[in-house]
Amino acid sequence: MVAPAKTPPDVMKTLTETVMKVLRDPDPAKKLADVGAEPGSLSGGGFGAYLHAEADKWGKLIKDAGVVIQ
């Protein structure tokens, strides 16, 4: 899950706690696994760093492969 950059810390804390609670329930966790999703526990800066690293990695791959959108 992501939220706008300026989401207040107390709101982010509530969202994180709620999502983690839901993911501890076997049914939602199984449904996510069934569609190939892998729930993680990165939050805040760690998740932002992960997203930037993924964008850099896949962006380079796309550029190197010469992929273009038409």
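The values are calculated or read from the model by the stated rules, or taken from the named source; none is laboratory data. Being a predicted model, the structure only gives us computed values, none of them experimental. Quick note on the areas: whole protein, heavy atoms, side chains included, nothing else; ligands and nucleic acids left out. Shrake-Rupley method; radii C 1.70, N 1.55, O 1.52, S 1.80 Å.
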Qualifying positions in the stretch 26-52 - open to solvent by less than 70 Å² (accessible area, probe 1.4 Å) and at pLDDT 85 or above: Pro28, Leu32, Ala33, Gly36, Ala37, Ala49
What is the number of the single condition among (1) open to solvent by less than 70 Å² (accessible area, probe 1.4 Å); (2) at pLDDT 85 or above; (3) more than 13 Å from the chain's Cα centre (by Cα) that Ile62 does not meet? (1)
